[in-house]
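Below is one structure, written out as structure tokens; comments come after it.
The values are calculated or read from the model by the stated rules, or taken from the named source; none is laboratory data. In this text the structure is predicted, and so the values were computed from the model without any measurement. FYI the Cβ positions are ideal-geometry reconstructions off the backbone, even for glycines, and counts take in every protein chain you see. With ligands, DNA and RNA removed, areas are computed over all heavy atoms of the protein, side chains included. Shrake-Rupley method; radii C 1.70, N 1.55, O 1.52, S 1.80 Å.
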There are 2 protein chains.
Amino acid sequence: MAQKNLLPMILLGLINIEKKTGYDLKKDFETEIGEFWSVKHSQIYLELKRLEGNGEIKSTTGFYGNKIEKTYYEITKKGKERLESWLDSYSDILNVNKDEFVLKLYFIKSRKDPRLQDLLQEQYRLRSKKLEHLKERMKFVFPNKESKNDNFGHYLILDHAIRREQEYVNWLEEILEK
Amino acid sequence: MAQKNLLPMILLGLINIEKKTGYDLKKDFETEIGEFWSVKHSQIYLELKRLEGNGEIKSTTGFYGNKIEKTYYEITKKGKERLESWLDSYSDILNVNKDEFVLKLYFIKSRKDPRLQDLLQEQYRLRSKKLEHLKERMKFVFPNKESKNDNFGHYLILDHAIRREQEYVNWLEEILEK
DNA sequence: GGGGACATGTAAGTGGTTACATGATTGC
DNA sequence: GCAATCATGTAACCACTTACATGTCCCC
């Protein structure tokens, strides 16, 4: 989208928790952070180089087995400052949520369009599946009340995602009933 | 984002309603379709050229005053086919909603982080404003029950947007109360 | 007369995707 | 042995943004 560049912040944020390799970061995007952000590994490695060039992270070499070298990155003072300064800042730009399904609905003017039912049913199937997945994640990541306090931000996000998806499903159900 | 290219579909969809100039399309993105999709005029003009090159739209010249030429585009049979084929298709890719605020929350681990309250308050202000705006739009675009049937898809989208925004505001309120 | 809307483009830069590329390691 | 995972990168392409650019029309 050539949008506001937030990937550096995510990488700094993740590396700030503990030193990581590019591959570790890739894994992070496949699990928890992948629920609300996506990026390809090629982009991660490019951005890491850039951050290192800026002196916001620094690398050390580790090994996987005897021959495979892996590069650990840790955050520097400069990187910490950038991260903190971002966390302290406000942004009044609300993201526009580009949803292909919603777009199709827009062009289906009539309530009686024969395509409407199939489209709704398919979306209902997809969204219900997503909702179940999110609920499973919640159970897995926060199995009890105390665990929520360990990473309150993450708990809030999952909670929010579940409510949003639930709303989506409810909305689709209501339309299907009509 | 170099994402799935949906702009051609939007342009075809809008031109399919009635013939339009690039400027008309730009205006559409500033009003109703702008609630859930954004694009710059430079991109619109580029995409129009491409669509015309493909033979999916065709242009005729009109005038604004005596000297300013404007180019009207109307959809061709080929363009209609592409549009219909898209409307008939399914996509099982759910968009990842990239929300900067949510990202910040993720990196604020602690419930007691002093930045949390300000961040929440600011987001609450923004989201409430957006919600009010959407409610106003709904009143304006669909002033009565009958009008909903004229463009059922658009009604559904606005309804959905309001519910989603309402959920966002409720969620923020709950956190602020804690 | 001037400012905002009307109207249409080009050019440079960048974030992101897709595809290509390579090789070791681990567990079955 | 072989498949999946670990691990890191480059290159081509593309959608999109930002900035630059130009000129008319209409109303106050």
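Pairs under 8 Å by beta carbon, first residue within 7 Å of chain B (Cβ to nearest Cβ) in the range A:86-101, partner of a type in the set (V, I, T) and crowded, with 17+ Cβ neighbours inside 10 Å, six or more apart or different chains?
Going by the 8 Å Cβ cut-off, the qualifying pairs are A:L87/B:I108.
Quick one: count up the residues across the range A:139-157 that are more than 10 Å from chain B (Cβ to nearest Cβ) and open to solvent by less than 30 Å² (accessible area, probe 1.4 Å).
Result for the range A:139-157: 2.
Based on what the data block shows, is B:K104 facing chain A (nearest Cβ under 8 Å) and either part of a helix (DSSP H, G or I) or out of contact with any Phe, Trp or Tyr (no Cβ under 9 Å at 6 or more places or on another chain) (or both)?
Against the criterion (facing chain A (nearest Cβ under 8 Å) and either part of a helix (DSSP H, G or I) or out of contact with any Phe, Trp or Tyr (no Cβ under 9 Å at 6 or more places or on another chain) (or both)), B:K104 qualifies.
Between residues in the range B:13-31 that are within 11 Å of chain A (Cβ to nearest Cβ) and acidic (D, E) and residues that are assigned to a helix (DSSP H, G or I) and within 9 Å of DNA strand C (Cβ to nearest atom), which pairs lie under 8 Å by C-beta distance while being six or more apart or on different chains?
So the pair list comes out empty.
With the structure loaded, tell me whether A:R164 is within 7 Å of chain B (Cβ to nearest Cβ), at pLDDT 95 or above and open to solvent by 30 Å² or more (accessible area, probe 1.4 Å) or whether it fails that test.
When the stated conditions are applied, A:R164 passes them.
Go through the range B:42-53 and count every residue that is within 12 Å of DNA strand D (Cβ to nearest atom) and open to solvent by 60 Å² or more (accessible area, probe 1.4 Å).
6
Could you run through the range A:31-41 and say how many residues are open to solvent by 60 Å² or more (accessible area, probe 1.4 Å) and either under 9 Å from the mean Cα position of the chain (by Cα) or more than 9 Å from DNA strand D (Cβ to nearest atom) (or both)?
Looking only at that region, the number is 1.
Condition check: more than 25 Å from the chain's Cα centre (by Cα), under 30 Å from B:G13 (Cα atoms) and within 12 Å of DNA strand C (Cβ to nearest atom). Does B:G62 satisfy that?
Criteria met by B:G62.
Of the numbered conditions (1) open to solvent by 70 Å² or more (accessible area, probe 1.4 Å); (2) assigned by TED's automatic domain parsing to the domain that holds B:L11, B:I75 satisfies every one except a single condition; which is it?
(1)
For residues that are more than 28 Å from A:L158 (Cβ to Cβ) and touching a strand residue (DSSP E or B) at 6+ places or on another chain (Cβ under 7 Å), tally how many sit in the range A:30-55.
Here the count works out to 1.
Looking at A:S128, A:S85, A:S110, A:S91 in this structure, which one is assigned to a helix (DSSP H, G or I), among the small types (G, A, S) and open to solvent by less than 60 Å² (accessible area, probe 1.4 Å)?
Just one listed residue meets the conditions, A:S128.
Residue under question is A:K80, and the condition is that it be in contact with an Asp or Glu (Cβ under 9 Å, 6 or more places away or on another chain), open to solvent by 20 Å² or more (accessible area, probe 1.4 Å), under 30 Å from B:K178 (Cβ atoms) and in the same structural domain as A:F36 (by TED's automatic domain parsing); does it hold?
Taking the combined requirement at face value, the residue satisfies it.
Somewhere in the range A:34-53, is a residue more than 14 Å from every other protein chain (Cβ to nearest Cβ), part of a loop (DSSP other than H, G, I, E, B) and away from DNA strand C (no atom under 12 Å from the Cβ)?
no
Filtering the range B:1-28 down to residues that are more than 26 Å from B:D92 (Cα to Cα) and more than 9 Å from DNA strand C (Cβ to nearest atom), which residue is surrounded by the fewest Cβ atoms within 10 Å (Cβ to Cβ)?
Result: B:E18.
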